[in-house]
Amino acid sequence: MPRGVPNPKKDDFGMRYTSMHVPLAYVEYLTGETGLTSMLRPNPKHMGTSYLKSESQSLWARNAARKQKMPVEDTPTPVDQRRGSQVVVIHPGSRYLRIGKASDVTPITVPNVIARRHKGRNLPSATSNGDEYAVVPPSDDPFEVKLASITTSLRERMRFYKLRVTPNATNIASTFNEQFKPEIIPEQNDPFWVDWIHEPLSDDACLVGDKALRISNPQALDYTVRWPIHGQNFNHKDYPSVQVVLDDVETIISNVLEEKLDIKRRDFKNYSVMLVIPDFYDRVYVREFVNILLVSLGFKQICVQQESLAATYGAGISNACVVDIGAVKTSVACVDEGLVIADSRMSLNMGGNDITEFLYVLLERINFPYRDINLARWHDWLVMEDLKSRLCTLAEGKRLRQGDVALNLYDFIVRRYGHPTEKYGLRAYDEIIVAPMCIFEPRVVEFDRKRVGLRPISNTDVTEEIVENQADHVTQAMIISTQHLLPSPSAADGSVAKVSSAVPSQGGSPANPGENDAKVEQQEISLPSTADPTPPPTAAEPADGDATTAIEVEREDKTPHANPPAQPAPQVPTASARSLC
């Protein structure tokens, strides 16, 4: 044996070392010469047992059997291995909520609405609470004058493309629509028959999405139907407090994920979220939405992107001007190399709902055949939405055909609770083109009615430790695009008085030599070069004896001069008009 290696101890029992002590049984018996002697004998219980003598009784086999006996709800959800399968994209809108996994080709679109049942409370009706569907045509500016400007623009386009105008088209369409009787469609022949909800559910139940819109009569069943998102912010008009809005938003997202995407709430911690926000966003809106997704719903992490940037990423381009016409608002933004230019963002308070309401007003003028229509009801709103999507057009150039501006016959179907499916016929002339032109003639839109009931979501007494930028409220693109609507400084003080102050007085010296040097230099171009210190009469302020003065001016103009005097009368109003355009 090599040196340094100790002699191994003799194993008397022939067993390996173990930390478990098993007591052994000793048996004593007598021998012939030596006397009492002890001998080791195994325990009969150990010899007859089958404990730990098969693979099924090992530790690993017992753990596997325990997992198989676990309840079904505790079984972890299998993980999808596709790229983006653990990322949920959420794009909330005023009318619809688009949601889905990043690995899906198309998102799931559900109405962004919730219906909750109230107990013993008399809530005001939709029309008396300033409902967004209600149309209130009266205003300070007559509607006929507003409509005439749009019709005049359409007639000019028709004259340019040499399209004939049908005489007395409005009366012909009104007579046809007034005498039309609907056709009854049997239930078995209607492929899009609606399964209405005509009985209330449990008190604690809430209906989300399409189910909320299938309630036959929400008021009779004690349901309150609300839309939590309005434009680019939360809906402040129909909710008593902000917390109620946030609770509805959380309920809608969690219900859609569980029912449509089969993602349980306990698995939200394994998913990341991509939240798409408006281009011209409110900081409080983003903060509350992030708090819902991370704290209330418990998602793992979040990434926030603007709508225009997400649209360019999806289209695979880096530079674009994105125009998003939504249900309530229209946003315009320019994207340059994957970055939204802040000063190019614009948000207009009009959208597809205004076109739908304007189309409703135009069709009512020609005796719309569906007499009981009420835009406060969702199924009637869908009727006008269907007509708008199928009939309305803004074809330009050669695409504007004679068939687009003619007495054409259209049909539509009405589905409502308690009545059979009805098929109506409609004859319209230029209403299908005039309705979408309200985007370019916004005077027909009642903006004052839209601002009723709006209130800030944040408390003015709370000051955030964030420096606000002017571009967060008004961008440079908004200022430039609305400059022609604002009164100019010259119009406020009077353009004639400003020109008079720039002209020398009777003594030959200027009246105010040190004031408004820049304004004086701007008006010096239009000042007369005559030696007469008194300025000639202008169109805005005629002088005394204007008839005689006009004759004298004409005679002086006809006389040849080496340096003919300039005519300031038409130039001062032109400067004011340019500032008002």
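The values are calculated or read from the model by the stated rules, or taken from the named source; none is laboratory data. Quick caveat: nothing in here was measured; it's all calculated off a predicted structure. All Cβ positions, even for glycine, are placed from backbone atoms using ideal geometry, and neighbour counts span all protein chains on display. Areas reflect the complete protein model, heavy atoms only, side chains present, ligands, DNA and RNA absent. Shrake-Rupley method; radii C 1.70, N 1.55, O 1.52, S 1.80 Å.
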Subject >> Enumeration of residues in the range 248-294 that are open to solvent by 50 Å² or more (accessible area, probe 1.4 Å) and within 25 Å of Asp238 (Cα to Cα) >> reply: Tyr281, Asp282, Arg283, Arg287, Asn291
Original post:
From Val242, Val208, which residue is aliphatic (A, V, I, L, M), touching a strand residue (DSSP E or B) at 6+ places or on another chain (Cβ under 9 Å) and farther than 24 Å from Leu375 by Cβ?
Top reply: Val242
Original post:
Looking at the range 192-233, which of the residues that are among the charged types (D, E, K, R) and outside any loop (DSSP other than H, G, I, E, B) is farthest from Ser347 (Cα to Cα)?
Top reply: Lys211
Subject >> Identity of the residue in the range 321-339, open to solvent by 20 Å² or more (accessible area, probe 1.4 Å) and hydrophobic (A, V, I, L, M, F, W, C), that ends up farthest from Trp381 (Cα to Cα) >> reply: Leu339
Original post:
Only one of (1) at pLDDT 85 or above; (2) open to solvent by less than 60 Å² (accessible area, probe 1.4 Å) fails for Glu178. Which number is that?
Top reply: (2)
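State all residues of the range 420-452 that are assigned to a strand (DSSP E or B) and either open to solvent by less than 60 Å² (accessible area, probe 1.4 Å) or polar (S, T, N, Q) (or both); if no residue qualifies, say none. Reasoning before the result, please.
From the range 420-452, those assigned to a strand (DSSP E or B) are 421-428; that's our starting set.
Of everything in the range 420-452, those that are assigned to a strand (DSSP E or B) and either open to solvent by less than 60 Å² (accessible area, probe 1.4 Å) or polar (S, T, N, Q) (or both) turn out to be Thr421, Glu422, Tyr424, Gly425, Leu426, Ala428.
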**OP:** Say whether the condition of being without any contact (Cβ under 8 Å) to a residue 40 or more places away in the chain and either touching a strand residue (DSSP E or B) at 6+ places or on another chain (Cβ under 6 Å) or outside any helix (DSSP H, G or I) (or both) is met by at least one residue in the range 251-262.
**Re:** yes
Original post:
When you scan the range 229-238, how many residues do you find that are out of contact with any Asp or Glu (no Cβ under 8 Å at 6 or more places or on another chain), touching a residue at least 12 places away in the same chain (Cβ under 8 Å) and open to solvent by less than 40 Å² (accessible area, probe 1.4 Å)?
Top reply: 3
Original post:
Looking at Ala134, Ala102, which is the one that is surrounded by 10 or more Cβ atoms within 10 Å (Cβ to Cβ), at pLDDT below 80 and either on the phi < 0 side of the Ramachandran plot or among the hydroxyl-bearing types (Ser, Thr, Tyr) (or both)?
Top reply: Ala134
Original post:
When both residues are 6+ apart or on different chains and their Cβ atoms are under 7 Å apart, which pairs have a first residue that lies in the range 103-118 and is assigned to a loop (DSSP other than H, G, I, E, B), and a second that is open to solvent by 60 Å² or more (accessible area, probe 1.4 Å) and not hydrophobic (A, V, I, L, M, F, W, C)?
Top reply: Ser103/Arg82; Ser103/Arg83; Pro107/Arg98; Asn112/Tyr96
Original post:
Of the conditions (1) surrounded by 14 or more Cβ atoms within 10 Å (Cβ to Cβ); (2) in a strand (DSSP E or B), Cys303 fails just one. Which one is it?
Top reply: (1)
Original post:
Hey, does the range 288-299 have a residue that's touching a Ser or Thr at 6+ places or on another chain (Cβ under 7 Å) and at pLDDT 90 or above?
Top reply: yes
Original post:
Here is a list of conditions, (1) open to solvent by 40 Å² or more (accessible area, probe 1.4 Å); (2) modelled with pLDDT under 85; (3) in contact with a helix residue (DSSP H, G or I) (Cβ under 9 Å, 6 or more places away or on another chain), and Ser149 meets all of them except one; can you say which number that is?
Top reply: (1)
Subject >> Residue among Glu337, Glu307, Glu357 that is of a type in the set (Asp, Glu) and under 14 Å from the mean Cα position of the chain (by Cα) >> reply: Glu307
Original post:
With (1) more than 24 Å from Cys438 (Cα to Cα); (2) surrounded by 15 or more Cβ atoms within 10 Å (Cβ to Cβ) as the list, and Met158 as the residue in question, which single condition is left unmet?
Top reply: (1)
Subject >> Positions within the range 79-99 being part of a strand (DSSP E or B) and open to solvent by 70 Å² or more (accessible area, probe 1.4 Å), in sequence order >> reply: Tyr96, Arg98
Original post:
Which of the residues belonging to the range 234-244 are part of a loop (DSSP other than H, G, I, E, B) and under 20 Å from Val276 (Cα atoms)?
Top reply: Asn235
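Find the residue count for the range 32-68, including only residues that are hydrophobic (A, V, I, L, M, F, W, C), open to solvent by less than 80 Å² (accessible area, probe 1.4 Å) and at pLDDT 70 or above. First the steps, then the outcome.
If we filter the range 32-68 for residues that are hydrophobic (A, V, I, L, M, F, W, C), which is where we start, we get 36, 39-40, 47, 52, 59-61, 64-65.
From what's left, open to solvent by less than 80 Å² (accessible area, probe 1.4 Å): 40, 61, 64-65.
With the extra rule that they be at pLDDT 70 or above, the set shrinks to 61, 64-65.
Final tally of qualifying residues: 3.
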Original post:
Any idea how many residues of the range 368-396 are touching a helix residue (DSSP H, G or I) at 6+ places or on another chain (Cβ under 7 Å) and open to solvent by 60 Å² or more (accessible area, probe 1.4 Å)?
Top reply: 1
Subject >> Any hit, the range 204-219, residues being in contact (Cβ under 8 Å) with a residue 24 or more places away in the chain, open to solvent by 60 Å² or more (accessible area, probe 1.4 Å) and of a type in the set (Lys, Arg) >> reply: yes
Original post:
Using beta carbons and a limit of 9 Å, which pairs, at least six apart or on different chains, have the first residue in the range 349-378 and within 13 Å of Ala327 (Cα to Cα) and the second one open to solvent by less than 30 Å² (accessible area, probe 1.4 Å) and among the charged types (D, E, K, R)?
Top reply: Asn349/Lys329; Met350/Lys329; Gly351/Lys329; Gly352/Arg95; Asn353/Arg95
Original post:
Could you list, in sequence order, the residues of the range 289-300 that are over 27 Å from Gly351 (Cβ atoms), in contact with a Leu (Cβ under 9 Å, 6 or more places away or on another chain), among the hydrophobic types (A, V, I, L, M, F, W, C) and not in a loop (DSSP other than H, G, I, E, B)?
Top reply: none
Subject >> Single condition His198 does not satisfy, out of (1) surrounded by fewer than 12 Cβ atoms within 10 Å (Cβ to Cβ); (2) under 30 Å from Gly418 (Cβ atoms); (3) in contact (Cβ under 8 Å) with a residue 40 or more places away in the chain; (4) not aromatic (Phe, Trp, Tyr) >> reply: (1)
Subject >> Restricting the range 314-366 to residues that are among the small types (Gly, Ala, Ser) and in a strand (DSSP E or B), the residue that is farthest from Asp386 (Cα to Cα) >> reply: Ala320
